[in-house]
Structure formats: C-alpha cells, structure tokens
Amino acid sequence: MNTQFQRQPDFKHQQSVQSFYEPAIRVLNEVYEIKKANLKRRGYNEDNAAVTKEELAQKMAYRFKITIWLAHEVITSLIKADKVKTFGGYVQPKIVEAQE
C-alpha cells in the first residue's frame, strides 16, 4: 500500500493527504483533551499539554486504517498548512479565536 501512494501523481497524492485534515484534527483534539485532563488531575499547568507526532501518527494509523508513512505525511502537511502548532516532536491544535 505504501508504494501505491508514492506512485500517484502529485495532485492526487496531495488530495489524498488533505482528505485526512479534518479527521486528523479531530483525533488530535481528542488526544490533546486527554493530555490536558491528565495534567489538570496532577496539578500542573494545562497549557503545557501537547501530543507527540509519533503518538498522533499511531492513533491515526489505527483509527483510519492507513500506514504510518501516510499518517506522518498528513501531520507534515498539517504543519506546513499552519493548521497546528508544532515544537520539536510535539503538536498542539491551533486555537481559532472568533473574530467579532
């Protein structure tokens, strides 16, 4: 399956990666909330919560039945599209502020 995605034309590959944006952000939000709850329960600052890229890739691969390679491609694409905050090996969902 891995070679199938690598041999697709660029626009098809980009479409297949971008089709995972919304579900990936949903999974990221779920895991992020768990991390925040764990920090709160232990008495630490919830703002320090973050999800490792590897953990997110593993969750996405399991839930969406995709390869780890494709999951990492989706994460990299989300970072390049500025849809998530990243630092080191960690990612956080971007908090979208409502414009009034």
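Figures for the structure shown
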item	result
Set 100, 73: member being farther than 14 Å from residue 22 by Cα, out of contact with any Asp or Glu (no Cβ under 8 Å at 6 or more places or on another chain) and at pLDDT 90 or above	73
Qualifying positions in region 47-70 - surrounded by 13 or more Cβ atoms within 10 Å (Cβ to Cβ) and more than 20 Å from residue 34 (Cα to Cα)	66, 67, 68, 69, 70
Residues within region 80-91 that are open to solvent by 20 Å² or more (accessible area, probe 1.4 Å) and under 11 Å from residue 25 (Cα atoms), tallied	1
Where residue 59 falls short, out of the listed (1) at pLDDT below 95; (2) part of a helix (DSSP H, G or I); (3) in contact with a strand residue (DSSP E or B) (Cβ under 9 Å, 6 or more places away or on another chain)	(1)
Selected residue (criterion: nearest to residue 94 (Cα to Cα)) from residues of region 31-54 that are in contact (Cβ under 8 Å) with a residue 12 or more places away in the chain, over 9 Å from the mean Cα position of the chain (by Cα) and part of a helix (DSSP H, G or I)	32
Residue in region 28-46 that is of a type in the set (Phe, Trp, Tyr) and buried (at least 17 other Cβ atoms within 10 Å of the Cβ) present	yes
Boolean, residue 5 is surrounded by 13 or more Cβ atoms within 10 Å (Cβ to Cβ) and at pLDDT below 90	yes
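The values are calculated or read from the model by the stated rules, or taken from the named source; none is laboratory data. All values derive from a computational prediction rather than experimental measurement. Counting neighbours? That spans all protein chains shown, and the Cβs are built from the backbone with ideal geometry, glycine included. Note: accessible area is taken over every heavy atom of the protein model, side chains too, but ligands, DNA and RNA are not part of it. Shrake-Rupley method; radii C 1.70, N 1.55, O 1.52, S 1.80 Å.
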